[in-house]
Amino acid sequence: MEQLPSPSSLSITRCESELIVPATPIPREIKHVSDIDDRDGLRFHISNLFFYEHNPSMEGIDPAKGIKDGLSKALVFYYPLAGRLIKGPNGKLMVNCNGEGILFTEAYGDVDLDMLGEFIKPPCPYLEDLLYNVPGSDGIIDSPLMLIQVTRFRCGGFAVAVRVNHIMVDAFGLVLFLNAVTDFVKFKASSPSILPVWQRNILNARPSPCITYKHSEFEEEIESTNAWLTMEKELIQRSFFFGEEEMEAIRNQVSPTHRSSGRFELLTSFLWKHRTISLNLNPEENVRLTYFVTVRGRFEHLKIPHGYYGNAFAFPAAVAKAGFLSTYPLTYALELIKKAKNQVNEEYFRSMVDLLVIKGRPGITQSWNFGISNTAHVGFDKVDFGWGEPKYGGAVKADSFFSFFVACKNNKGEKGILISINLPPRAMERFVDAIYKLTLNVKKSRPKF
């Protein structure tokens, strides 16, 4: 068996990056983003990786050429993504739909996909090789809104890396766009199967903004925030897989009346509790769990169109004393998370949007916060350009105190959830020990550190 390459030995040859523009003329106009899109906490780029194995039925077909052509056609319908963000009155962002295009890089990796092994999953050490950060491309204002790199491997497999400005899309919106590309590449369609919808005004604040709920997700405790920011310099990242057996072991830790809870609530409860224990905080310290909740199809009066590709989520926070969360049964954490999630009704959401406008687009608190975004159900693992579903498709890494649930298979082919966690080294050792104790029940070996 060939030895796995080290992160420094992945040999990548790139063509010069180019701008992909819409295939046909588009409207030249200025579009406003929503008050959800516009908040400071979304003014960054998000990255995802997709790895595809060699498919003999696609022999002789160049994935880079096909995807580049599909992107150009999809941008006719998603033309704001080919534009540039500009600042309007009071610093509110707008999209100049000028058709300048998105950045595309074609590359070749002198390695077989199988040689990368588990390194294709987060935290992927090859990210800088597979997603070249074109100089000057990672700004927010007047910069490309999307960067894509297609890297072919010598085995016939390939990787697609996607970086997009979060102002423009959430996870659902990005999958809508990528599926539109697959419609053109795989099915040779004349238009996307789901037509995109802009209509960002439906998620704006009310004409007379009014905060009607308590929003713990924005309550900043300066000393706690500073303590976390100090730790950020030493964070290390590990990924953990939770299959059916692991989930059953977690389910057995809650009261019988709570065992019918959803797996994401159960897993989030377990992670929050043991992350808090691992940080070894003062028992009186407040800790938070911020859980991103989509509002698509959730409310009776706020009808979000099926093709809407902007940000459409709330982010309620559960709050507890570190001592209580660490020592009480897992059911305690589960009930707090359910309560936070269930409070997201239409009025709560409207109140949150109004707060963003009233208080000047505040970011989510960093006060011993643990943010969870569940992208496992949005379809990253199903994006098929014609070569089949990806061997891995989803988030690249955790970001500071935020983690992502990703649908994934382990090396045995079992389906489950992969999540990356950032912690300081000593805290990570304690967290790994907690995962080991969980896996003792399912007869798995202890993770090596």
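The values are calculated or read from the model by the stated rules, or taken from the named source; none is laboratory data. Everything numeric in this text was worked out from a predicted model, so none of it was measured. Note that we place each Cβ from the backbone using ideal geometry, even for glycine, and neighbour counts take in every protein chain shown. These accessible areas exclude ligands, DNA and RNA; they are computed on the full protein's heavy atoms, side chains included. Shrake-Rupley method; radii C 1.70, N 1.55, O 1.52, S 1.80 Å.
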Quiz item: Can LYS92 be described as farther than 21 Å from ARG163 by Cα, surrounded by 13 or more Cβ atoms within 10 Å (Cβ to Cβ) and modelled with pLDDT of 95 or more?
Solution: no
Exercise. Starting from residues that are open to solvent by 60 Å² or more (accessible area, probe 1.4 Å) and part of a loop (DSSP other than H, G, I, E, B), keep the ones in the range 216-269 and report whichever is modelled with the lowest pLDDT.
Key: GLU220
Practice problem: Within the range 275-299, track down each residue that is in contact with an Asp or Glu (Cβ under 7 Å, 6 or more places away or on another chain) and modelled with pLDDT under 95. | Solution: PHE299
Quiz prompt | Count of residues meeting criterion [open to solvent by 90 Å² or more (accessible area, probe 1.4 Å) and within 18 Å of LEU178 (Cβ to Cβ)] in the range 54-67 | solution = 1
Quiz item: Which condition number does LEU75 fail, the rest of (1) assigned to a loop (DSSP other than H, G, I, E, B); (2) of a type outside the set (Phe, Trp, Tyr); (3) open to solvent by less than 30 Å² (accessible area, probe 1.4 Å) being met?
Solution: (1)
Exercise. Go through the range 186-212 and give me each residue that's open to solvent by 20 Å² or more (accessible area, probe 1.4 Å), touching an Asp or Glu at 6+ places or on another chain (Cβ under 7 Å) and either among the aromatic types (Phe, Trp, Tyr) or in contact (Cβ under 8 Å) with a residue 24 or more places away in the chain (or both).
Key: LYS186, ASN204, ALA205, ARG206, PRO209, CYS210, ILE211, THR212
Exercise. Kindly provide the set of residues from the range 17-43 that are open to solvent by 70 Å² or more (accessible area, probe 1.4 Å) and at pLDDT below 95, ordered by number.
Key: ASP40
Quiz item: Within the set of pairs 6 or more residues apart or between chains, which connect a residue that is closer than 12 Å to ILE421 by Cβ inside the range 235-253 to a residue that is of a type in the set (A, V, I, L, M) and open to solvent by 60 Å² or more (accessible area, probe 1.4 Å) with Cβ atoms less than 6 Å apart?
Solution: none
Self-check item: Pairs with Cβ under 6 Å, 6+ apart, first in the range 77-95 and within 23 Å of THR24 (Cβ to Cβ), second open to solvent by less than 30 Å² (accessible area, probe 1.4 Å) and aromatic (Phe, Trp, Tyr)
Solution: TYR78/PHE177
Self-check item: Subset of the range 286-322 [open to solvent by less than 10 Å² (accessible area, probe 1.4 Å) and of a type in the set (Lys, Arg)]
Solution: ARG288
Quiz item: What is the residue count in the range 323-349 for residues that are among the basic types (Lys, Arg) and buried (at least 22 other Cβ atoms within 10 Å of the Cβ)?
Solution: 0
Practice problem: Exactly one condition in (1) at pLDDT 95 or above; (2) over 20 Å from ARG361 (Cβ atoms) is not met by SER9; state its number. | Solution: (1)
Practice problem: List the number of the failed condition for MET94; all other conditions in (1) touching a strand residue (DSSP E or B) at 6+ places or on another chain (Cβ under 6 Å); (2) among the aliphatic types (A, V, I, L, M); (3) within 26 Å of LYS65 (Cβ to Cβ) hold. | Solution: (3)
Exercise. Go through the range 280-317 and give me each residue that's closer than 20 Å to LEU355 by Cα and either in contact with a Cys (Cβ under 7 Å, 6 or more places away or on another chain) or free of Cβ contacts under 8 Å to residues at least 40 places away in the same chain (or both).
Key: ALA314
Quiz prompt | Matching residues in the range 89-122 - criterion: being in contact with a Pro (Cβ under 8 Å, 6 or more places away or on another chain), more than 26 Å from VAL76 (Cβ to Cβ) and not in a loop (DSSP other than H, G, I, E, B) | solution = MET115, LEU116, PHE119
